[in-house]
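The values are calculated or read from the model by the stated rules, or taken from the named source; none is laboratory data. Predicted, not measured: the structure shown is a model, and the values here were computed from it. All Cβ positions, even for glycine, are placed from backbone atoms using ideal geometry, and neighbour counts span all protein chains on display.
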Amino acid sequence: MVSTMSDGWKFEQLISIGSSYNYGNEDQAEFLCVVSRELNNSTNGIVIEPSEKAKILQERGSRM
């Protein structure tokens, strides 16, 4: 199943995670989809350092 991405998200990489779970008689695999999203370097004229960017992304990700 493939989903569309919006709001500036960009596909980066597809990684096979080689699940040992048996799905029945069908050949199926599990994958990890790596995506990225660009974050503006400034908010209201204040430059955000990379460590602050990471904190913001972690906070946003935990709310999803």
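Observations on the model:
- Taken over the range 15-27, the criterion of being surrounded by 10 or more Cβ atoms within 10 Å (Cβ to Cβ) and either under 25 Å from the mean Cα position of the chain (by Cα) or at pLDDT 70 or above (or both) is satisfied by ILE15, SER19.
- Residues in the range 34-52 that are at pLDDT below 75 and closer than 18 Å to GLY8 by Cβ: 6 in all.
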